[in-house]
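What follows is one structure encoded as structure tokens, with my remarks underneath.
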Amino acid sequence: MAKASVAVHKLTSCSGCQSVILNMGDNLLKLIELVDIRHFIEAGVNAPDAQVDVAFVEGSISTHEDEERIKRVREQSRFVVAIGACACSGGVQALRNVKDSAHWASAVYADPGYLDSLADSSPVAELIKVDLELWGCPISERQLIAAIRALLHGVAPVLPTEKVCQECKRAGQVCVLVSQASPCMGPVTRAGCGALCPSFGAPCYTCFGPSEQPNCDALGERLVGLGIPAQQVAERFVSISAGAKPFQRAWARWRIPVKELEP
Amino acid sequence: MTDPRNIRLRVPVITRLEGEGALELYCRGNRLERAVLRIFEPPRFFEKFLEGKHYSEQPIIASRICGICPIAYQMTGVRAIEHALGLEPGDWISRMRRMLQCGEWLQSHALHIHFLALPDFLGFTHMMDLAKSHPEAVRRGLRLQALGNDLISLSGARSVHPVGLKVGGFHRAPAPEQVALLQPRLQQAEEDAKALVRWTASLELPESHQAFTSVALHHEPDYAMNEGRVRSDQGLDIAAADYPQHFREHQEPHSTALYSLLNGEPYLVGPLARMNLNFEQLPLKVRELAAECGIRFPSDNIYHSIRARALECYFTILEARRLLTDYQPQPASVPDVPRDGWGAHCTEAPRGLIYHHYRIDDAGFIRSACIIPPTSQNQARIEADLYHGLSHFGLEHSDEELQFFAERLIRNYDPCISCSVHFLDLRVHRS
């Protein structure tokens, strides 16, 4: 039987999720035995038009070129898997969607016709049908391998939708929000990282996107109640997953209009 | 004698680069008129993303500039903000940060050598083919890369976008048991790294000699990584805060990375520039190995970059081992208190010098940020090198041969094209 064919595409991103693949070590050598990699520019394989069974897409849609590319990827792939915060939510560059960014783009381009930029940075699923989303900034290697194994066996991978808090509690860690009054986003962020930041005594910062039913209002009120400045609370919501709607609404609620900040 | 031809060779995508770039050559007859490295990585306005954020978010946001060298963006920013706040985190924290930088250099160099550069010199199109014919060498490379990643994870939980660094120090000190697990691996890796250096020394590399200015950090008494003054081999010697007075950036319409010039001229940053300026500060073992293999610095051959990277792999392993000897956890950070201030800092990312500055307000929010990544500093040098190299190579070669020549040359610089971070206030010309 022919090996399943795979492509790794990049849109607007930092290349970090591709780096997770290139960092897999022995698992990478195993992966290239299991699947036939047809397109993966950073690894030196360049055939963007190859028909494949599974296309992994890193990056958000932030240019017209990205829009064109993603439509072609959909046409030539059986399954499309969005990998990482950019592909799943628009990424950190979706900060331009919430901030007053109109003047950023017009000022940076002397020749806007040559390098285009869309007003918003969008998740892949906004333009095409996506079969699976692997969240994270970057994705978790474990989730990626599990997803590939599941797809090769023709079953849908099981991915968490619960909150980081639940992983954190199961790991028996001390809550950084309660014990240090840290602006932890764990209560509204999807699990999957293994509660990495709290395990290092740091507050979660939304890498894995919104959890199921995120109660951003309650979290925002709690953080402001702890004495954290409202502007800082607002900004914590629009970080790595700034494109996520529940986080944008929380930002809009807590932000201080720029005018009031000026001295 | 072939007929003169007017060609415009367009290579739409260069493989084995981090991020995406393209190359355009404009030739008239057998004369190259212009070589343009086009970087079309969509600009992501990182400096603007940072405005309005509390400084505690700097390591989170800035690391996303580049998934291959995230620590460089965290480290430089954190140090610049510490200057703005008047913080000096002390010896133990500096030591652990240097260890962290060793991890990033090692993983990035091992990745570059094996995935991106070596296939060029051994006649393969990519690492997957290389793995079939040189399985042991590739496994050795993957072991070095994995060790680099694990050195990063020691203080940062993961190697891509680690979470350990903060203004004032680290969120947590590594546990002694975890350090103990790394020590034997560092010892074993010495042999791997020595073998890698010997292997790169045995490669037949192209001869290319050009006059160029090397720029790197310099620090007494050690091989500069996170601290030091900016030096060039033409006599420049300045503090990081004076960087904007000597280095100027400008935009070219074909690229989202800005071009940086030193007193109006292109210059080189990166491992070869570091070797050219600071080779004598490397540990004796590294210098002896270089001598044994016939590797000498300074060098004016950009193809020697692969050997510089291999030597730095060996150096980082020795250095990480030294830094972790007799490891004792200590307070991982000093308290940080917001204040109105400005701070600048330079560090050495795996692919070269990086500069940041920040203005912070009295509540701790970032009012302005400036980030100058290595690739925008190398871009003018890359184009000058392409122009010179291709002119000498000869345009009578086929387009395919020209393309291979140019791509291989560009990969020496390990440009990290994801780092299109810039924002400049320019006058917009509208018709």
Quiz prompt | Most fluctuating residue given options B:Leu258, B:Leu122, B:Leu282, as computed from a GNM of chain B linking Cα atoms under 10 Å | solution = B:Leu122
Exercise. Run the dipole for chain A about the Cα centre, Lys and Arg Cβ at +1, Asp and Glu Cβ at -1, nothing else charged, and hand back the magnitude in debye, nearest 20.
Key: 680 debye
Practice problem: With everything on Cα atoms, drop me the angle between helix A:141-152 and the longest principal axis of chain A, reported from 0 to 90° to the nearest 10. | Solution: 40 degrees
Quiz item: Beyond 27 Å, what percent of the Cα pairs of region A:4-152 remain?
Solution: 21 percent
Practice problem: Using protein chains only (no ligands, no nucleic acids) and a 1.4 Å probe, work out which residues of region B:63-112 have their accessible area cut by at least 20 Å² relative to the chain alone. | Solution: B:Arg64, B:Gly67, B:Ile68, B:Leu111
Quiz prompt | In order through region A:171-181: 3J(HN,Hα) via Karplus (6.51 cos²θ - 1.76 cosθ + 1.60), integer Hz, x for Gly, Pro | solution = 7, x, 8, 7, 5, 6, 5, 6, 7, 10, 6
Quiz item: Mind checking the log10 I(q)/I(0) for region A:1-56 at q = 0.21 Å⁻¹? Debye, one equal scatterer per Cα, no solvent, two decimals.
Solution: -0.81
Quiz item: log₁₀ I(q)/I(0) of chain B at q = 0.09, 0.13, 0.14 Å⁻¹, via Debye over equal Cα point scatterers, no solvent, to two decimals?
Solution: -0.55, -1.15, -1.33
Quiz item: Can you tell me the accessible area per residue over the protein assembly as shown, all protein chains present, probe 1.4 angstrom, in square angstrom?
Solution: 37 Å²
Practice problem: Give the carbon-plus-sulfur fraction of the accessible surface of region B:46-411 in %, rounded to a whole number; probe 1.4 Å, heavy atoms of protein chains only. | Solution: 50 percent
Self-check item: Helix-only mean residue ellipticity at 222 nm for chain A, each DSSP H run of n ≥ 4 adding -39500 (n - 2.57), per residue, nearest 500
Solution: -10500 deg cm²/dmol
Exercise. Using a cut-off of 12 Å between beta-carbons, work out the net charge of the residues near B:Ile60 (Lys and Arg +1, Asp and Glu -1, B:Ile60 not included).
Key: +2
Quiz item: Can you tell me the Rg and Dmax of chain A, counting just the alpha carbons, in angstroms?
Solution: 19.6, 69
Quiz prompt | Radius of gyration and maximum dimension Dmax of region A:124-230, Cα, Å | solution = 15.5, 51
Quiz item: Do the sum for chain B: with -39,500 (n - 2.57) for every DSSP H run of n ≥ 4, divided by all residues, what is the mean residue ellipticity at 222 nm, to the nearest 500 deg cm²/dmol?
Solution: -13500 deg cm²/dmol
Practice problem: Read phi for every residue in region B:139-152 and hand back ³J(HN,Hα) as whole Hz from Karplus 6.51 cos²θ - 1.76 cosθ + 1.60, θ = phi - 60°, with x for Gly and Pro. | Solution: 4, 4, x, 5, 5, 5, 4, 5, 5, x, 4, 6, 5, 5
Exercise. Give the Kirkwood hydrodynamic radius (Å, one decimal) of the protein assembly as shown, defined as one over the mean of 1/r across all pairs of different Cα atoms.
Key: 25.5 Å
Quiz item: Direction-averaged shadow area of the convex hull around the Cα atoms of region A:157-205, nm²?
Solution: 3.1 nm²
Quiz item: Which of rounded, prolate, oblate describes region B:198-270, given a ≥ b ≥ c as roots of the alpha-carbon gyration tensor eigenvalues and a/c under 1.5 marking rounded, otherwise prolate only if a/b is larger than b/c?
Solution: oblate
Practice problem: State to the nearest 20 debye the size of the charge dipole of region A:2-130 about its Cα centre, where the only charges are +1 on K and R beta carbons and -1 on D and E beta carbons. | Solution: 300 debye
Quiz prompt | Estimated dipole of region A:164-258 in Debye, rounded to 20 [Cβ of Lys and Arg +1, of Asp and Glu -1, Cα centre] | solution = 80 debye
Practice problem: Using Cα positions and a limit of under 14 Å, work out the aspartates and glutamates in reach of B:Lys48, with same-chain residues fewer than 8 apart set aside. | Solution: A:Asp100, A:Glu235, B:Glu57, B:Asp425
Quiz item: Here are some pairs, A:Lys99/A:Lys129; A:Lys10/A:Lys163; A:Lys129/B:Lys53; A:Lys3/A:Lys129; A:Lys245/B:Lys53; which of them have Cα atoms lying more than 31 Å apart in this structure?
Solution: A:Lys129/B:Lys53
Practice problem: Using every Cα-Cα pair within region B:52-175, state what percent have a distance larger than 21 Å. | Solution: 45 percent
Quiz item: Which FRET efficiency value, to the nearest 0.05, is calculated for A:Ala181 and B:Glu177 with the Förster distance at 30 angstrom and r the Cβ-Cβ distance?
Solution: 0.50
Practice problem: Could you pull out every one of the aspartates and glutamates with an alpha carbon less than 18 Å from that of B:Lys285, ignoring same-chain neighbours closer than 8 positions? | Solution: B:Glu190, B:Glu191, B:Asp192, B:Asp222, B:Glu312, B:Glu319
Exercise. Indicate the gyration tensor shape class of region B:235-362 (rounded, prolate or oblate), computed on the Cα atoms with a ≥ b ≥ c the square roots of the eigenvalues: a/c under 1.5 is rounded; otherwise a/b larger than b/c is prolate and the rest oblate.
Key: oblate
Quiz item: Once Rh is set to the Kirkwood radius over Cα pairs, what Stokes-Einstein translational diffusion coefficient, in µm²/s, holds for region A:121-177 at a temperature of 20 °C and a viscosity of 1.002 mPa s?
Solution: 156 µm²/s
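The values are calculated or read from the model by the stated rules, or taken from the named source; none is laboratory data. What you see is a predicted model; the values in this text were computed from it and never measured. Note that each Cβ is placed from the backbone with ideal geometry, even for glycine, and that neighbours are counted across all protein chains shown. Just so you know, the surface numbers come from the protein's heavy atoms only, side chains and all, with ligands and any DNA or RNA stripped out. Shrake-Rupley method; radii C 1.70, N 1.55, O 1.52, S 1.80 Å.
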